[in-house]
Each structure stands twice: as structure tokens, then as C-alpha cells.
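Worksheet: the structure to be examined is printed underneath.
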Amino acid sequence: NEDGKVGPHLAGLIGRDAAAVRGFQYSSALVASGLKWDEATLDRWIQQPSALVPGTTMVFAGMQNAEDRRQLV
């Protein structure tokens, strides 16, 4: 949402460039990342956002269990 406290919508996420939803203020690190969301990249992001994009402002620490991530994705 536009207040920056809740992330952008996830509709159409797979195939979308990271930091591409208008009206959401992304970290400069995510904007500069050049990521495109696919299942493998999303899995790495969910595992530990800060490891995939150092400097991200994402407050989610990550989900270590691979099966839990697979089910989420």
C-alpha cells in the first residue's frame, strides 16, 4: 500500500520485475537488484530476503524450511 507499511499486491507476481508495482516505495537495493520474479527467485527471497538483496528494507527474516517455502510458492 502507499503508506509503505504493507507490501505491494502479489497478483501477477511470477514474471514481474521486482520493485515494479506503482505506488509502493521500494528500497533502493531492491530497485537496483534487477530481479525478475520466478519460482526459484521467490524461493530464495522467502528463504532470506537480506541474503538475496543486501540492503533491502524487508522486515521478514525468512523461512528456512524448504518444504514450507515450496508450499507457499
>> Give me, ordered by chain and number, the residues 5 or more places off LEU35 or on other chains with an amide H under 5 Å from its own placed amide H.
In response: ALA18
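If we count chymotrypsin sites (Phe, Trp or Tyr not before Pro) as exposed when they sit in a DSSP loop and have at most 16 other beta carbons within 10 Å, what is the longest stretch of the chain that avoids them all? Don't skip to the answer; put the middle values down first.
Numbers: sites that count: PHE24, PHE60.
So the longest stretch without any such site is 25-59.
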>> So if a site counts as exposed when it's one of the trypsin sites (Lys or Arg not before Pro), its DSSP state isn't H, G, I, E or B, and it has at most 16 other Cβ atoms within 10 Å, what's the longest stretch of the chain without one?
In response: 23-73
>> Below 8 Å between Cα atoms, with a sequence gap of 6+, how large is the relative contact order for the chain in percent?
In response: 25
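Determine the calculated [θ] at 222 nm for the chain from helices alone, applying -39500 (n - 2.57) to every DSSP H run no shorter than 4 residues and normalising by the residue count; nearest 500 deg cm²/dmol. Numbers along the way, then the final one.
Working: 4 runs with 25 residues, N = 73.
Rounded to the nearest 500, the figure is -8000 deg cm²/dmol.
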>> Can you compute 3J(HN,Hα) from phi for each residue in region 27-34, using the Karplus curve 6.51 cos²θ - 1.76 cosθ + 1.60 with θ = phi - 60°, rounded to whole Hz and x for Gly and Pro?
In response: 5, 4, 5, 5, 4, 7, 5, x
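Which percent of the accessible heavy-atom area of the chain goes to carbon and sulfur, probe 1.4 angstrom?
Values: 2630 of 5060 Å².
Carbon and sulfur together cover 52 percent of it.
For the chain, which GluC sites (Glu not before Pro) are both in a DSSP coil and crowded by at most 10 other Cβ atoms within 10 Å? Before the final figure, lay out each step's value.
Numbers: sites: GLU2, GLU39, GLU67; in loops: GLU2.
Answer in residue order: GLU2.
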> So what is the accessible area of the chain per residue, in Å², with the probe set to 1.4 Å?
Replying inline: 69
> Give me the Kirkwood hydrodynamic radius of the chain in Å, from all C-alpha pairs, to one decimal place?
Replying inline: 12.7
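The values are calculated or read from the model by the stated rules, or taken from the named source; none is laboratory data. Not measured: the values here are computed from a predicted model. Cβ: placed from backbone, ideal geometry, glycine included. Neighbour counts: every protein chain shown. We work out accessible area using only protein heavy atoms, side chains counted, and drop any ligands, DNA or RNA first. Shrake-Rupley method; radii C 1.70, N 1.55, O 1.52, S 1.80 Å.
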